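Read-outs throughout are calculated quantities, based only on the coordinates presented, and are distinct from any laboratory measurement. Because the structure is predicted, anything quoted here is derived from the model rather than measured. Methodologically, a virtual Cβ is constructed for each residue, glycine included, from the backbone with ideal geometry; neighbour enumeration extends over all protein chains shown.
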Amino acid sequence: MEHRIHIREISARDWPRLAALEHEAYAHLLLAEGEELLRSRAASSPATCFALDADGRLAGYALALPYPHLDCPDPTRPEHAVHRATTNLHLHDLVISAPLRRRGLGSRLARHVTGVAAALGFETVSLVAVDGKETFWRGNGYEPHHEARVPAAYGRDALYMSAATTALLPRETVRTR
């Protein structure tokens, strides 16, 4: 079944459903942050946080915020600092509703975040892969950074990864000087 997909900014009415999607995705890992912490991340950079609608219903989201390269937010604490002086955008969370997974929507949403990151002047996009998602992220152009310290709350197998925005975008969208 083909769905009408639309990626847009997160609105105030999205938060209850967004928090439910996050709980569905991460509760089994004891990683669910809850609405308050998710809102704190989005508040630090609303222009880099997105909702994905399928047929007019919220079916996924991405929360990304400027963060120093090789560092990441602590998932147990609200975000208070805004790291404006960094050239790295940290993709803190990307979730697609369970019934719509494995249809390319996660990659599509990740590409959207990357395009916005590049347009805003970010040189890299980073993330922490959890729950065995390293293979997915490698397939989307990300490389591991074992030297980065990841807070224990992400889990034992969490892995910091990043990629240059120019490496993540299709060749025709990359401008050279």
*Counting other Cβ atoms within 10 Å, keep those with at most 10, restrict to DSSP loop, and tell me which trypsin sites (Lys or Arg not before Pro) in the range 1-98 are left.*
Arg4, Arg84
*Rounded to the nearest 20 debye, dipole of the chain from Cβ charges on Lys, Arg, Asp, Glu*: 500
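Taking 30 Å as R0, compute the FRET efficiency from the Cβ-Cβ separation of Leu120 and Ala12 and round it to 0.05. Please list the in-between numbers first.
Numbers: r = 23 Å, r/R0 = 0.76.
So, using R0 = 30 Å, E works out to roughly 0.85.
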*Using alpha carbon centroids, what distance separates the range 71-124 and the range 1-37, in Å?*
14
